[in-house]
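Just so it is clear, none of the values below were taken in a lab; they were calculated from the coordinates. All values derive from a computational prediction rather than experimental measurement. Note that each Cβ is placed from the backbone with ideal geometry, even for glycine, and that neighbours are counted across all protein chains shown.
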Amino acid sequence: MVNRLNDVTLISVIIPAYNAEKYLARAVNSVLAQTYSNFELLIIDDGSTDQTLSICESLRQNDARIKFVKNKHEGLVNSRNTGISLSKGEYITFLDSDDEYEPEFLHKMLIGITENKSDICICGYVSIYRDYNEINNCLKDGEHKVYNREQLTKLLLKGEVSSHFWNKIYSRKIIDVLHYPKEKYYEDVFMMNNLIQKINSAAAISYIGVKYYQNNSSIVHQKKDKIEMDGFDAFYERMLLFRTEYPEYENYLLKIPIEIAIRLIVRKAIRGTELNREQFNKLKIFLKEQRFNKKAYSKLKFKYKLILFLW
């Protein structure tokens, strides 16, 4: 079965790249080193101003499976959407330009999604910090499991399955009905809010397939007010989508938006804010609504509980 899949099943791997000269070759080489060879690699340059372009050109000359597109600078979301629109694979997966796959990633993920007849397949990953590594595996026991939509939603709400898009492989029929939201950070959370409602089943395999490098200079670590406000909106949307259907998970649904709202409001008190009045009022009203909600406190750290109580 594996040999037959190798012969006929094309996988599209999409790498968005912006000023990625330090890490791009590492990411691309991890794709080229895959034990599964029937893939196309689409590198979407987002108007880089460093040597990313020349690195892409050099890499493309060495392997015909590499396709390269240069966009004007419009952000990660536009690059991913471009990659999706140009891809030809029956299955699609993503990799960030500063991360890398383990050699059997495509092979194991393809077997997971096809043998289980699922819409997506999920694997674990290792977060690599400067001083230590942290394993994140969605399966604590067993080789693999298949989840229906309700089961997967509950795992997502509890944080046992991440919203990251790069530790998953997707059936084309699922990706074709989705597009990343433009001009938004936390785009993976917004996308997962949408995706989770459309899948019928998801396979999960007990395999650590991605090295996720924690770069403190990356966007998600900058914690600017606009970025965190998009994070609040993404998890607030998730709360609205699932609060009524899964009331037993309300404490999980409230934890992240409450913490983000408190951080933004505290920062405003200390140094002002780049948020507009409408955004700031949305945060204040949300926290006021949760102050006397007992479920809102159960997953919060003490400092957040105290600030919410005093709000």
**Request:** Can you tell me the dipole magnitude for the range 2-213 around its Cα centre, using point charges on the Cβ only (Lys, Arg +1; Asp, Glu -1), in Debye to the nearest 20?
**Result:** 540 debye
**Message:** Once you order the gyration tensor axes a ≥ b ≥ c over the Cα atoms, which shape class does the range 181-311 get: rounded for a/c under 1.5, otherwise prolate or oblate by comparing a/b with b/c?
**Reply:** oblate
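Suppose R0 equals 41 Å. What FRET efficiency, 1/(1 + (r/R0)^6) with r the Cβ-Cβ distance, do GLU245 and THR49 give to the nearest 0.05? Spell out each step's value before the answer.
On the way: r = 46 Å, r/R0 = 1.11.
Step by step, r from the Cβ atoms, then E = 0.35.
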**Request:** For ARG130 paired with LYS182, estimate the spin-label separation in nm (one decimal), with each label point 7 Å from Cα along the Cα-to-Cβ line.
**Result:** 3.8 nm
**Prompt:** Which parts of the range 169-185 would a label at LYS117 reach, counting a residue when its backbone N lies under 12 Å from a point 7 Å out along Cα-to-Cβ?
**Reply:** none
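Counting other C-beta atoms within 10 Å, and keeping those with at most 11, which DSSP coil trypsin sites (Lys or Arg not before Pro) do you find in the range 237-311? Numbers along the way, then the final one.
On the way: sites: ARG238, ARG243, LYS255, ARG263, ARG267, LYS268, ARG271, ARG277, LYS282, LYS284, LYS288, ARG291, LYS294, LYS295, LYS299, LYS301, LYS303, LYS305; in loops: ARG243, ARG291, LYS299, LYS301.
Here the sparse-neighbourhood loop sites are LYS301.
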**Message:** Once you place label points 7 Å from the Cα toward the Cβ at THR35 and ASN62, how far apart are they in nm?
**Reply:** 2.3 nm
**Prompt:** Based on the Cβ-Cβ distance of ASN148 and PHE292, what FRET efficiency does E = 1/(1 + (r/R0)^6) give at R0 = 30 Å, to the nearest 0.05?
**Reply:** 0.25
**Item:** Per-residue ³J(HN,Hα) for the range 249-261, Karplus 6.51 cos²θ - 1.76 cosθ + 1.60, θ = phi - 60°, Hz, x for Gly and Pro
**Value:** 10, 4, 5, 5, 5, 8, 4, 5, x, 5, 5, 5, 4
**Prompt:** Which FRET efficiency value, to the nearest 0.05, is calculated for LEU10 and LYS224 with the Förster distance at 41 angstrom and r the Cβ-Cβ distance?
**Reply:** 0.60
**Prompt:** Any idea what % of Cα-Cα pairs in the chain are farther than 32 Å?
**Reply:** 31 percent
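Assuming 0.36 nm per residue, please report the length gained on full extension of the stretch ASN19 to LYS198 beyond their Cα-Cα distance.
Once the chain is fully extended between ASN19 and LYS198, it gains 61.0 nm.
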